[in-house]
Structures are given as C-alpha cells and as structure tokens.
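Working notes, structure below.
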Amino acid sequence: MKYIYAMSDIHGCLDAFEHALSLVDLRGKNKLVLLGDYVHGPDSCGVLEKVIRLQKEYGAGKVIALAGNHEDMVCDGRWPLSEGEDENSGRRKEEEDIYIPWMRKLPRYYTEGNTIFVHAGIDEEAEDLWKWGTYHSMYTEKYPAQTGKFYGDMIIVAGHIGTAEISGNPGFHDIYYDGESHYYIDGSVLDSGVIPVLKIDIENDKYYRVTETGDWLILSYNEENY
C-alpha cells in the first residue's frame, strides 16, 4: 500500500507544522507533498529549515516541496523573508544565502497517479494539455479557486486560498472537497492555528483527512455540511 500525504500554507507556523507532521507516516513507499507558502509568519526560517532537513533525511523524491506565491515574492524581491530587521543585517544576508537559492529551485507542480498537486491551480481549460497551457505564475497565484469537473478522472489538490473563503463559512478551516475534481487544503493557519493533513490512497483513489483520532474518508463539503 502506498499513501501520499499533503499539506499547504504553513506560513512560518512551526509548532502547527510539527503537529501536522506527527500525523504523517513516511515509512515504506509513502510520500509527503508540501504545496508551498512556507514563509511569512512567526518563524519562517524555522519552517524552511525543517523542510530542508526532512528532504535531507528522506530524500527530495519522498518529501516533495513545491513553490508558493510567497516563495516567489521572496525570490523576486517583492517581500523580505523576515520582516522587521535591518535590510543590511548579517542575519538577513545569511538567510538569503541559505534559503533563497533553495526556494528558486522549487518545482511548480507534482503529479502522482491521477492527482495533480499545485499551490494555487492550473489552466483547466487546457484539459490534458494543462502542463503546456498553464503559464508560470498561475501555478502559484491563480485566483479565485476553481471548482467543478476537470478533464477525465484527474484530481487537483491545491492550497493558496483558505477553505473558509471557498466554502463561504468563516469558521471552516478543514479540507474542502467540491464533490468533483478539487480538494483545497489551506486551513488559514495564521487565523486557525491548524494545518489540515490530506492522505491519499493512490491505488484506490480514496482521499482522507488525517486527525489524532484516525483517517476519515472525505465527502463533499455539501454532503458533510448538509
């Protein structure tokens, strides 16, 4: 049996990230896919260091880290990695030397089976040609969230937009499934303190939310909140 775990939008919340990681089993052929936005929160460098250490321990093919729009903003110079510090400080220079080269190499998407993992989204109108039809920034900046049926039996797992916004429910910070082709997993950790964990049974195309009490098959938002 092989499982893929996914989480997104960590935003420097190292404690919440550590808790989410405690729910992940990386034994055997299992993998973890991180969908970006590691930075711009209470401990951006701590989160980046944790991701890099996980990749060194398990390999970058087992812990896959994707780019998010916040990594793009750091690499483009639009938003500093750590705020509130002197631009010329030694710490700032050290952070840039260590983390920005790593962020610049992050892939924009990852596929496993019939599932596409991406920070924000893809060009769904391109259907099976989405890899060629999706322009560079759409992978990390697509807005608003798209729902409904995608091409064939393909499934898209994304973060970027909080599930409270997608669901229209300000108190909802869990995994949002539209009942068709999309799972959104940004739980707005800076507000909720929670990083949802998605678990996928690749062989049987089953998608679960992982909690301290077990793994729960995900139904559509409308079914779960009827």
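The values are calculated or read from the model by the stated rules, or taken from the named source; none is laboratory data. Quick caveat: nothing in here was measured; it's all calculated off a predicted structure. All Cβ positions, glycine included, derive from the backbone under ideal geometry; neighbour counts span all protein chains shown. Accessible surface areas use protein heavy atoms only, side chains included; no ligands, DNA or RNA. Shrake-Rupley method; radii C 1.70, N 1.55, O 1.52, S 1.80 Å.
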Original post:
When you look at residue 210, is it of a type in the set (A, V, I, L, M, F, W, C), at pLDDT 95 or above and touching a Lys or Arg at 6+ places or on another chain (Cβ under 6 Å), yes or no?
Top reply: yes
**OP:** Output the residue which, of all residues in the stretch 207-226 that are out of contact with any strand residue (DSSP E or B) (no Cβ under 8 Å at 6 or more places or on another chain) and in a strand (DSSP E or B), is surrounded by the most Cβ atoms within 10 Å (Cβ to Cβ).
**Re:** 211
Original post:
Among 20, 16, which is the only one that is within 22 Å of residue 184 (Cα to Cα), assigned to a helix (DSSP H, G or I), in contact (Cβ under 8 Å) with a residue 40 or more places away in the chain and open to solvent by less than 10 Å² (accessible area, probe 1.4 Å)?
Top reply: 20
**OP:** Enumerate the helices (runs of 4 or more DSSP H) found wholly within the stretch 92-206, keeping only those where 1 or more residues are open to solvent by less than 20 Å² (accessible area, probe 1.4 Å) and aromatic (Phe, Trp, Tyr).
**Re:** 130-133, 138-141
**OP:** Might you let me know whether the stretch 27-45 holds any residue that is part of a helix (DSSP H, G or I), crowded, with 16+ Cβ neighbours inside 10 Å and either of a type in the set (Gly, Ala, Ser) or over 13 Å from the mean Cα position of the chain (by Cα) (or both)?
**Re:** yes
Original post:
Out of (1) closer than 15 Å to residue 101 by Cβ; (2) open to solvent by less than 60 Å² (accessible area, probe 1.4 Å), what's the single condition that is false for residue 60?
Top reply: (2)
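Residue check: is residue 81 at pLDDT below 95, open to solvent by less than 40 Å² (accessible area, probe 1.4 Å) and not in a helix (DSSP H, G or I)?
Details: at pLDDT below 95: yes; open to solvent by less than 40 Å² (accessible area, probe 1.4 Å): yes; not in a helix (DSSP H, G or I): yes.
Answer is yes for this residue.
Yes/no matrix, rows are residues, columns are (1) touching a Cys at 6+ places or on another chain (Cβ under 9 Å); (2) over 20 Å from residue 37 (Cβ atoms):
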{"residue": "98", "(1), (2)": "yes, no"}
{"residue": "136", "(1), (2)": "no, no"}
{"residue": "154", "(1), (2)": "no, yes"}
{"residue": "165", "(1), (2)": "no, no"}
Original post:
Which condition number in (1) in contact with a Cys (Cβ under 6 Å, 6 or more places away or on another chain); (2) free of Cβ contacts under 8 Å to residues at least 24 places away in the same chain is the one that residue 189 fails?
Top reply: (2)
